[in-house]
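Each remark here refers to the structure printed beneath this line.
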Amino acid sequence: MIEEVYTYALGDQKAVDRLIEDDNIQYIHVVFGPRDGFPLHESNSNVYMTVVRGRLSIGLGDEKIHAYEAGSVLKIPYKTKMNVRNEEKGPLELIIVKAPAPSKMI
């Protein structure tokens, strides 16, 4: 086989599946339950965030929190302060792509 195949968790349980981490990209699958999220942090690469399921609540830089529904794709610049949360009652599922891979941004 030429291709490499990766699998990620299915369901509603919290998951942070770092599927691909190579010299080109990081490809991460995330599921958050209600009131869960990442700690406040600064993006370490260009971030492309796809809302697969649920509703993402995110504050970027000094802006107020905005909400994005499933089907939304966000492009977030390098070194942006990020507050990523699930403020809803159901699960939030995201695909996060960091390109180039953070080690290439240094």
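The values are calculated or read from the model by the stated rules, or taken from the named source; none is laboratory data. Since we're looking at a predicted model, the values are computed, not measured. Please note: Cβ atoms are built from the backbone with ideal geometry, for glycine as well, and neighbour counts cover all protein chains shown.
Annotations for the structure displayed:
- Any chance residue 89 is surrounded by fewer than 19 Cβ atoms within 10 Å (Cβ to Cβ), touching a Ser or Thr at 6+ places or on another chain (Cβ under 9 Å) and not polar (S, T, N, Q): no
- Residues that are out of contact with any helix residue (DSSP H, G or I) (no Cβ under 6 Å at 6 or more places or on another chain), over 27 Å from residue 4 (Cβ atoms) and basic (Lys, Arg) are absent from region 92-106 altogether.
- Residue count for region 70-86, restricted to those that are more than 20 Å from residue 13 (Cα to Cα), touching a residue at least 40 places away in the same chain (Cβ under 8 Å) and surrounded by 17 or more Cβ atoms within 10 Å (Cβ to Cβ): 1
- Residues of region 22-42 satisfying the condition of being modelled with pLDDT of 95 or more, among the acidic types (Asp, Glu) and either farther than 27 Å from residue 63 by Cα or surrounded by fewer than 14 Cβ atoms within 10 Å (Cβ to Cβ) (or both): 42
- 1 or more residues of a type outside the set (Ser, Thr, Tyr) and touching a residue at least 40 places away in the same chain (Cβ under 8 Å): qualifying strands (runs of 3 or more DSSP E) within region 1-69: 15-21, 26-32, 47-53
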